[in-house]
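Notes follow the structure.
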Amino acid sequence: MPMARPANRRSFLAGAGALGLSSRALAQSATARVVVIGGGFGGASAARALKALAPALGVTLVEPNATFTACPFSNEVIAGMRDIAEQRFGYDGVRKAGVEVIAEAATSVDPASRTVTLASGATLPYDRLVLAPGVDMLWGGLPGYDEAAAEKMPHAWKAGAQTLLLRQQLEAMDDGGTVIISAPANPYRCPPGPYERASLIAWYLKTKKPKSKLLLLDAKDVFSKQKLFQNAWKELYPNLEWVSLSSGGKVVSVDPATLSFTTEFGVHKADVGNVIPPQKAGAIASIAGVADKSGWCPVDPSTFESTLQKNIHVVGDAIIGGAMPKSAFAANAQAKVCAAAVVSLLAGATPQEPKLLNTCYSLAGPGYGFSVAGVYKPGKGLLLDVEGAGGPSPADAPVSLREAEARLANGWFNTITAAVFG
C-alpha cells in the first residue's frame, strides 16, 4: 500500500519542479507573508511545505495548543490497546523547519485588510492565508446532545480528554452491560472511524467483559469498507449488532440523563453511550467567511483557495472535498498541493492541476488491518475519483495480509507524524 514518506526540503523542491515552479517564481514569492491557522495534519503540513518550497517566505503557524493529539489510532486508546501519550506531538520540529509558531487562538479574520486577529489583540498581516480548522461538533444538530451531554455520552471525535473519558467509562462498566454507538449521516471526519471504533470496543468487550454487547446505530445503509468490516464482525464479534438506516438505526434524539438513544423505531438504553454527532468546519471558518450554509468550506480543488473569499485557502477536514474523504492522509496531501499553489500564485504563476492520493487504514482488532486507497483529480468544482485507481483490500485476504496491513497502518502513522511534527 502507498506510504507517506518523510518530508524534507529536497523532496519538496523536487515536487516544486514537477509542478512547474521555477527558481525565479520561488524567489518572487519569498518576500510574501503566509499565515496558517490550525496545527493539525493539514495546517502543520502546509506550513512546513511552504517553507520547504520557498525558504525565505515568511510563514507563521497559529495554534493555541502546545501539543497536538492525533485522532488516527485514538480508537486503540479507547480500547485499551495504546497509551494516549503515543498520540501527542509538539511543534519543535515545525519551528526547526523555519516556521514561526504562535501559541494563541485566532479570533477573527479580515479578508479586506488581510489580517488575522489573535486572542491577545495582536494582528498578523498576510498575503495569503491557509486555514486548517478541522471540525467542530454541530451542537444541537442531534436533539438532546450538547457540550454538557458530551460529558456523560462522550463523542471522542476530537482526540484528548473525550478519548480518555470514553475509555474510563468502558473500564468502569460492569460485565454484561450494553455499549451503544451512534454514527451520523455523511459528511463527517473519518468515514470508517465509527466502524473501526465499534470493532475495537467489541474486541475490548470480548477480551475483558465477554457478557457485554455492543449496538451500533447508524444513520446510513452504506459505509466505507463495509464488506471488510462486516466480514470481520461475523468472524470475530458475535456480540456486535449493526442497525442500518433502513432497519431503524437513525438516532433522532438522545437523553444523557438516562443514557438513552431514540430512533424512529424505538428507544435503546445504554450503560455506556458514545454519540458521534453531526459536524461542521471549525469555528474560524465561519468567522473568516469561508463556510457556506452547509457548515463546510467550498474550495477550488486545484489550489484549495476558498470560492467565497479571495486569498484564503482551506485544507483538511473542513472542506467540501467531493470524493476525497476527510482523513489525516488527505489533509497532508491537500496541504502540499495547496502550498505549491500558494507559492505559484504569490509569484504570479498558474498552478498546475494536481492529482491527490489518499490511503485510509482501519483496524478490526490486534493484527487485523485493511485499507482503501483512492486517487483524485479536480473536476466540476470538486475532487473526483480517478476511475480505475485505488480500491479496498481484498475481501478474502489471508490472515497474513491482514497482519501485514496492520503493520503498514502502524508504519504509516509513525511516518506521517515524523514528517509533520518531527
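Of note:
- Residue count, the stretch 105-127 (criterion: in contact (Cβ under 8 Å) with a residue 40 or more places away in the chain and not in a strand (DSSP E or B)): 6
- Residue in the stretch 82-103 that is over 30 Å from Leu308 (Cβ atoms) and touching an Asp or Glu at 6+ places or on another chain (Cβ under 8 Å) present: yes
- Some residue of the stretch 166-186 being small (Gly, Ala, Ser), assigned to a loop (DSSP other than H, G, I, E, B) and without any contact (Cβ under 8 Å) to a residue 40 or more places away in the chain: yes
- Gly379 within 18 Å of Ala79 (Cα to Cα) and surrounded by fewer than 17 Cβ atoms within 10 Å (Cβ to Cβ): no
- Of all residues in the stretch 151-179 being β-branched (Val, Ile, Thr) and surrounded by fewer than 24 Cβ atoms within 10 Å (Cβ to Cβ), the one that is farthest from Asp255 (Cα to Cα): Thr163
- Enumeration of residues in the stretch 136-157 that are under 21 Å from the mean Cα position of the chain (by Cα) and at positive phi: Ala156
- Criterion violated by Gly39 - all others in (1) out of contact with any Gly (no Cβ under 9 Å at 6 or more places or on another chain); (2) at pLDDT 95 or above; (3) not in a loop (DSSP other than H, G, I, E, B) satisfied: (3)
- Which listed residue is farther than 18 Å from Leu142 by Cα and either small (Gly, Ala, Ser) or not assigned by TED's automatic domain parsing to the domain that holds Arg402 (or both), from Asp271, Asp255, Asp218: Asp271
- The strands (runs of 3 or more DSSP E) found entirely in the stretch 213-258 that carry 3 or more residues being touching a residue at least 40 places away in the same chain (Cβ under 8 Å), surrounded by 14 or more Cβ atoms within 10 Å (Cβ to Cβ) and of a type outside the set (S, T, N, Q) are 251-255.
- When the stretch 118-135 is filtered for residues that are on the phi < 0 side of the Ramachandran plot and buried (at least 16 other Cβ atoms within 10 Å of the Cβ), the ones remaining, listed by number, are Leu118, Leu124, Tyr126, Asp127, Arg128, Leu129, Val130, Leu131, Ala132, Pro133, Val135.
- Residue in the stretch 190-205 that is surrounded by fewer than 22 Cβ atoms within 10 Å (Cβ to Cβ), of a type in the set (D, E, K, R), more than 21 Å from Tyr145 (Cα to Cα) and in contact (Cβ under 8 Å) with a residue 60 or more places away in the chain present: no
- Residue-level analysis places Cys360 among those that are under 30 Å from Glu235 (Cα atoms) and crowded, with 18+ Cβ neighbours inside 10 Å.
- Conditions (1) more than 17 Å from the chain's Cα centre (by Cα); (2) buried (at least 24 other Cβ atoms within 10 Å of the Cβ): number failed by Ser294: (2)
- Taken over the stretch 66-104, the criterion of being assigned to a helix (DSSP H, G or I), among the charged types (D, E, K, R) and free of Cβ contacts under 8 Å to residues at least 40 places away in the same chain is satisfied by Glu86, Asp92, Arg95, Lys96.
The values are calculated or read from the model by the stated rules, or taken from the named source; none is laboratory data. It should be emphasised that the depicted structure is a prediction, and the values quoted were computed from it without experimental measurement. Neighbour counts are summed over all protein chains in view; Cβ atoms, including those assigned to glycine, are modelled from backbone coordinates with ideal geometry.
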